[in-house]
Amino acid sequence: MFQETSDPWDLESSAYERDKYAHSIRALAGRRYELGFEVGCAKGVLTQALAPHCDALVAIDVSETALEAARERCAAFDHVSFGRMVFPGQAPMGSAFDLIILSEVAYYWDDEDIIHAARWIAAHVVRGGDILLVHWTGDTDYPQSGDDAVRKLSEALGPAIAVIAAERLAHYRLDLWRARA
């Protein structure tokens, strides 16, 4: 999609995206993270806003075209790294993250992917680490609705997480979970 148009979802220009990104950062409540992981970074608009809140940040996307734009956007942040991966099938190995961002991605996953993602998250988020999910709640032609994806991921993680925030706005939902011991 990024090869057909440079900004297929108006990530850089829409008020919806701008407000959603600001809400995402506010939800983190000024917390500082040692190592963050952003799935589906696209052109790095949210990545750029997350970078000042992390000592190190790993951002991935399926599109190399999008990643090139994200690298350019975040060039001033030498603590941000990018990789082309298709999560949850591909993911960083060996790292323990205290922030995992799933913004507008979980509804692309089928039920098996959600279970696989939950297993990976449970194994790679540190105790007390945050998992931030932000998803469109309107109609989609994706494997899941935003609501179903969040519900299924929550069920798959079960008692491994505590709900810190569950907010529903006109067009999206924001969920913040914290990893338990």
Output the residue which, of all residues in segment 96-113 that are in a loop (DSSP other than H, G, I, E, B) and of a type in the set (D, E, K, R), is nearest to the chain's Cα centre (by Cα). Glu104
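Quick grid of which residues meet (1) of a type in the set (A, V, I, L, M); (2) under 23 Å from Gln144 (Cβ atoms):
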| position | (1), (2) |
| --- | --- |
| Glu64 | no, no |
| Glu68 | no, no |
| Arg71 | no, no |
| Val80 | yes, no |
| Ala96 | yes, no |
| Ile101 | yes, yes |
So His116 passes all but one of these: (1) more than 12 Å from the chain's Cα centre (by Cα); (2) assigned to a loop (DSSP other than H, G, I, E, B). Which condition number does it fail? (2)
Pick from segment 134-167, criterion more than 18 Å from Val105 (Cβ to Cβ) and among the β-branched types (Val, Ile, Thr), ranking: surrounded by the most Cβ atoms within 10 Å (Cβ to Cβ): Ile164
I need the full set of residues from segment 106-133 which are surrounded by fewer than 23 Cβ atoms within 10 Å (Cβ to Cβ) and either touching a Cys at 6+ places or on another chain (Cβ under 9 Å) or of a type in the set (Val, Ile, Thr) (or both), in order please. Ile115, Val126
Output the residue which, of all residues in segment 36-89 that are part of a loop (DSSP other than H, G, I, E, B) and of a type outside the set (A, V, I, L, M, F, W, C), is surrounded by the most Cβ atoms within 10 Å (Cβ to Cβ). Gly44
Unmet requirement for Pro88, which otherwise passes all of (1) more than 14 Å from Asp175 (Cα to Cα); (2) in contact (Cβ under 8 Å) with a residue 40 or more places away in the chain: (2)
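Here, each number is a calculation from the coordinates, and none is a lab measurement. Computed from a predicted model, the values in this text were never measured in an experiment. Neighbour counts are summed over all protein chains in view; Cβ atoms, including those assigned to glycine, are modelled from backbone coordinates with ideal geometry.
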